[in-house]
Amino acid sequence: MSDGQTVHVPLDQGRDYDIHIGRGLLDGAGARVAELGGRAAAIVTDETVSALYGERLRASLEAAGLRSGLVVVAPGEASKSYATYAQVCDGLLAHRIERNDLVVALGGGVVGDLAGFAAATLRRGVRFVQAPTTLLSQVDSSVGGKTGINSPLGKNLIGAFHQPRLVLADTSTLDTLSEREMRAGYAEVAKYGLIADSGFFDWCEANWAGIYAGGPERDEAVAICCRAKAGVVVRDEREDGERALLNLGHTFGHALERLTGYESARLVHGEGVAIGLALAFRFSARLGLCPGQDAGRVANHLALAGLPTRLQAVPGGCGDADAILEAMAQDKKVRDGALTFILARGIGRSFIAPGIDRAEVRAFLEDELRPDR
């Protein structure tokens, strides 16, 4: 086990929590979870992660005196559904999880969102712990208390704000990620530099290969991203303002996920975000907000890191401009029917842009969809 790093999230009303980051944290997870109190801690995970780490975490919990069991779902975005949510809730009740007990989300962003939403609603709210096992979930989705599932009408439209009591980001679990999942998670890493920290984006350009290789750069990237997100969450927990900046690239990305039917074989979340980041900067440049060289730099870096940056890269296609616009219409940032985008004046200079003209977006998408792009 490495000494690692700890990021504190200082929320009010006794809801503050720590994010522990380092290699080998799962083996000592039981002692840390037991400190939170309760007699039981049920693990929610997916089939892939369960085979790798499920019994290891369960053994650690039981060694610390906590009754434990596993609720296992199918891997992939399709599990963020009404049916799987019901399966998880029933599984937790079958494990006799009471109000003072804990739910432990072991897995990537899908498991964290799903288990967190189940915890938020089970017995009108039980506590939960995030044990993220993907780069994407360690740097983004495990922190901040956003939980939820998808609707056929759009992504993350059913959910709740429910903060974890503890986050354990064991970076050794990233060693078992596929190259595709590592790249997908990296899109969220780069996003933090693009939002408000051009120096971090510079660092990413110099160190992305070390993150992939599992060097010290990996733990450092996770810690930097968690500190950045924790700061935003403390200032704007329920996304009434600044927190919307964390959705840079996501208006486009979520629309693409919906249009591909949340089929991970075609598009995973981080790939949608990567395309969305490149589109957000190109759209900003088209509107005269952002230097074209910055938009080019963003796309070039993401491509160098192995990520898609064009709509044409979506396997099986993503429909025409009207289909993409329709998918965007269910975005959570829509206000009074008007589209809100996160745009940029340059790298590290993102801002919330409400009421963007639909005709402007449509013309941009039509241009982006041209076969010569």
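If Val88 passes every condition in (1) outside any helix (DSSP H, G or I); (2) on the phi < 0 side of the Ramachandran plot but one, which one does it miss?
Here Val88 clears every test but (1).
Restricting to region 164-199, and then to whatever is touching a strand residue (DSSP E or B) at 6+ places or on another chain (Cβ under 7 Å) and part of a loop (DSSP other than H, G, I, E, B), can you tell me which residue is surrounded by the fewest Cβ atoms within 10 Å (Cβ to Cβ)?
If we take residues in region 164-199 being touching a strand residue (DSSP E or B) at 6+ places or on another chain (Cβ under 7 Å) and part of a loop (DSSP other than H, G, I, E, B), then Arg165 is surrounded by the fewest Cβ atoms within 10 Å (Cβ to Cβ).
If you scan region 91-117, which residues turn out to be under 25 Å from the mean Cα position of the chain (by Cα), part of a helix (DSSP H, G or I) and within 10 Å of Ala42 (Cβ to Cβ)?
Gly91, Leu92, Ala115
Just give me the residues in region 297-313 being out of contact with any helix residue (DSSP H, G or I) (no Cβ under 6 Å at 6 or more places or on another chain) and over 16 Å from Asp367 (Cα atoms), in sequence order. Outline the logic, then answer.
Here is the first cut: in region 297-313, the ones out of contact with any helix residue (DSSP H, G or I) (no Cβ under 6 Å at 6 or more places or on another chain) are 297, 300, 303-304, 310, 312-313.
The answer is Arg297, Asn300, Ala303, Leu304.
If you scan region 21-47, which residues turn out to be buried (at least 18 other Cβ atoms within 10 Å of the Cβ) and not hydrophobic (A, V, I, L, M, F, W, C)?
Of everything in region 21-47, those that are buried (at least 18 other Cβ atoms within 10 Å of the Cβ) and not hydrophobic (A, V, I, L, M, F, W, C) turn out to be Gly22, Arg23, Gly30, Gly38, Thr45, Asp46.
State whether one or more residues within region 26-43 are basic (Lys, Arg), in contact with a His (Cβ under 8 Å, 6 or more places away or on another chain) and closer than 28 Å to Glu220 by Cβ.
Looking through region 26-43, at least one residue is basic (Lys, Arg), in contact with a His (Cβ under 8 Å, 6 or more places away or on another chain) and closer than 28 Å to Glu220 by Cβ.
Only one of (1) crowded, with 21+ Cβ neighbours inside 10 Å; (2) in contact (Cβ under 8 Å) with a residue 60 or more places away in the chain; (3) not β-branched (Val, Ile, Thr) fails for Gly241. Which number is that?
Every listed condition holds for Gly241 apart from (1).
Counting just the residues of region 229-238 that are surrounded by fewer than 18 Cβ atoms within 10 Å (Cβ to Cβ) and closer than 14 Å to Ile195 by Cβ, which one comes out farthest from the chain's Cα centre (by Cα)?
Among residues in region 229-238 that are surrounded by fewer than 18 Cβ atoms within 10 Å (Cβ to Cβ) and closer than 14 Å to Ile195 by Cβ, the one farthest from the chain's Cα centre (by Cα) is Arg235.
Please go through region 138-163 and pick out each residue that is among the polar types (S, T, N, Q), farther than 18 Å from Ala213 by Cα and assigned to a helix (DSSP H, G or I).
Going through region 138-163, the residues among the polar types (S, T, N, Q) turn out to be 138, 141-142, 147, 150-151, 156, 163.
Add one more test, that the residue is farther than 18 Å from Ala213 by Cα, and what stays is 141-142, 147, 150-151, 156, 163.
The answer is Ser141, and nothing else.
Bear in mind these aren't lab numbers, they're just calculated from the coordinates by the rules spelled out. Every value quoted in this text rests on a predicted model; they were computed, and no experiment measured them. In this analysis, Cβ positions are derived from the backbone assuming ideal geometry, glycine residues included, and neighbour counts consider all displayed protein chains.
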